[in-house]
1. Between chains A and B, what is the buried accessible area summed over both chains (1.4 Å probe, protein heavy atoms, nearest 100 Å²)?
2. Using alpha-carbon positions, what is the distance between the centroids of the stretch B:167-203 and the stretch A:25-78, in Å?
3. So what is the calculated 222 nm ellipticity per residue for chain B, using -39500 (n - 2.57) for each DSSP H run with n of 4 or more, over all residues, to the nearest 500 deg cm²/dmol?
4. Step through the residues of the stretch A:430-439 one at a time and calculate ³J(HN,Hα) from phi using the Karplus curve (6.51 cos²θ - 1.76 cosθ + 1.60, θ = phi - 60°), rounding each to whole Hz and writing x for Gly and Pro.
5. When only C-alpha pairs under 8 Å and at least 6 residues apart count, what is the relative contact order of chain B, in percent?
6. Excluding ligands, DNA and RNA, what is the solvent-accessible area per residue of the stretch A:156-297 at a probe of 1.4 Å, expressed in Å²?
7. Please report Rg (one decimal) and Dmax (integer) in Å for the Cα set of the stretch B:49-202.
8. Ignoring everything but the protein chains, give the 1.4 Å probe accessible area of A:LEU258 in square angstrom, nearest 10.
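The values are calculated or read from the model by the stated rules, or taken from the named source; none is laboratory data. Everything numeric in this text was worked out from a predicted model, so none of it was measured. Cβ placement follows ideal geometry from the backbone for every residue including glycine, while neighbour counts extend to all protein chains displayed. Heavy atoms of the whole protein, side chains included, go into the accessibility calculation; ligands, DNA and RNA do not. Shrake-Rupley method; radii C 1.70, N 1.55, O 1.52, S 1.80 Å.
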Amino acid sequence: MSSHAETIPPAPEERERLTRIQIDRSCRQTVVWYYASAVFWLLVGTVLALIASIKMHTPGFLADWEWLTFGRVRPAHLAAMIYGWGSMAGVGTLLWLQARLTRNRLPLPTLLPATAVIWNLTVTFGVIAILAGYSTSIEWIEIPPATAILFGFCIAVIIAASIRMFRSRESEHTYVSQWYLFGAIFWFPLLYVSAQIFLHTPAAAGAVKAAANWWFAHNVLGLWFTPIGLATVYYLIPKVIGRPVHSYHLSLLGFWTLAIFYNWAGTHHLIGGPLPAWLITVGIVGSVMMFVPVITVAVNHHMTMVGNFHHLKHSPTLRFVVYGAMCYTAVSFQGSLQSLRSVNEITHFTHYTIAHAHLGVYAFFTMVMFGAIYYVAPRLLNAEWHSAGWIRVHFWTTAAGMAIYWLGLTWAGWEQGRMMNDPRIPFLDIVKYTVPWLWSRSAAGVLMTVGHLAFAWLFWNMLRKRGAYLPGPTLLLRKGEPAAVAAGGGE
Amino acid sequence: MNRAWLLALGVFATIVASVTGLVLLPDRQLRGTQPVQDEERGIAVPAGYFGDAEEGRKVYMDLGCIYCHTQQVRPEGFGADIERGWGMRRSVARDYIHDEPPLMGTMRTGPDLMNIGARQPSEQWHYLHLYDPRITSPGSIMPPHRFLFEVRHSADGLPEDAVRLPDEFAEKKPAWIVPNDRARRLVAYLKSLDHNYEVPEAR
């Protein structure tokens, strides 16, 4: 802040701008820590993903090192991506959004950056534990139960900061993003801690532990990543294009139906399994009812975007966020259909599910987080992204890589499932059928890796302030194209 | 919406409702499920895991076998599990009363293992398969677990469970593979996986 700003009473717009700068500055230390860590875990998770993917078609690859056997690399990849990349990018964005939306400076300036450090140590501990053979072998929560205490502490601090900001919010009215964020910060610790209790104590017994497992795992997506992702979309689309969200009532309906229905979807992972039929049916009903919030949110976002799609050409943030939002609709439709018994009979236990999971965590959530970081990081660091070219590389490699990933495994998985349900086809013939498609996944993975390296390179340069000084945002312009053609709202 | 209490109430109520419905109620329904007497075997089943099999279950978990193998047989008419010979009946909650945690899995890159002990009772088969799955199952993409074995080239002082490696899989002939303790336990566990007994709920 220059002394100039304090001596001359600024005009209202200028005052508004200064407030925003103050808020952003208060977020700098914490959110940059979270983002930088997230990018680090993205790279770790990418390396683990590539190793796992290659092992699937070339099982001799790195086979003699027990730490890197497929059954360990795969959950380590998940832990690095979910608890490292996804959660840390999510928390960073969540804190910044709350500060902006409540128009508060980010409180707890010592404790919050400390949580980023603790979070990193926890994920490091978890990933190493899995690679060393101390996995709990429970999907999505392979990292040891002790991590609940550490994550619990971090989230407690984040909740304290959130409540403090929420209570001293400037306007009584709250924005739709705040509801989702408020939900996410309470849902995640409730899920994580109760899952540990159900899974590692006799609180749930035998087969019911599987129900607890999928109640947890599906809700990590539905009640942690999804609300953070949607809150980000709800904030960034209107910001970038400079017009308000289409409908308040749709926002309201979308939020509450998500809260009510997503909660119940988890047991669709156990269709055909050894649990009471009513329990599975409840999961299917919850999954199918997800059409309501998904269509609501899709309509709301689409109507907000209508007439503004040309901004996609120039705004990196909007490109990633809109790609993510569209994939949210796609993955949710797919998920609802997949939960039907007739479809699930084929797709369950196949690569189809893996493709679906990546459509959610990657094509939706990760792409939205990329968009968020493109928007937020420059505002925290007072520097712009140093190369529009590398942003293009990042977008096209990840967007295309994801498309190839999804198409290949969706097809392979569908065929795999159909063949598996025909007992005349020998099992090994099915395995052989999938191998070329597993190669296509590795090829897609290489593309996505290139994108992640481009992104990490951009982020690294931003930390080192290689980009231009802030006020000029990085736009995706052709040579000689004036920035004015891209003039929108906030970017 | 500007009532924080309404938001907080909704956030808590929705998750409390789902954990009650999806975890606590089924637990109430299934808690207290007891083993049943198996007339053929003369014991109560499922019997649970003891000794090496109990330890072997931990090896199964630490090596992440669940990422490619399920332990659940789907009901007749839903998939082809029974026709494929993966079990004589569908799996039921009772089968898992000793499983902490259950290792049902969600992926079948490889076949189901709910009854692998009955399908493949041979220790030698398991050792060769674990050492390099392509010895027993050409075209398999399962990772080799050579790190669970020691390779020896002399027949002197070989332990009883050493297995002669087929020449085409041996770098230097002759070769025997000697399982280490973890391999022995893992195979003991795999051999214990046999749920081919009658239960009243799946008759």
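1. Values: alone 20530 and 12430 Å², together 26250 Å².
Its buried surface, counting both partners, is about 6700 Å².
2. 31 Å
3. Details: 7 runs with 63 residues, N = 203.
Roughly -9000 deg cm²/dmol at 222 nm, from the helical runs in chain B.
4. 5, 4, 4, 4, 6, 3, x, 6, 5, 5
5. Once divided by the residue count of chain B, the mean separation gives 24 percent.
6. So the stretch A:156-297 comes to 29 Å² accessible per residue, rounded to a whole number.
7. 16.5, 54
8. Using a 1.4 Å probe on the heavy atoms, I get roughly 0 Å².
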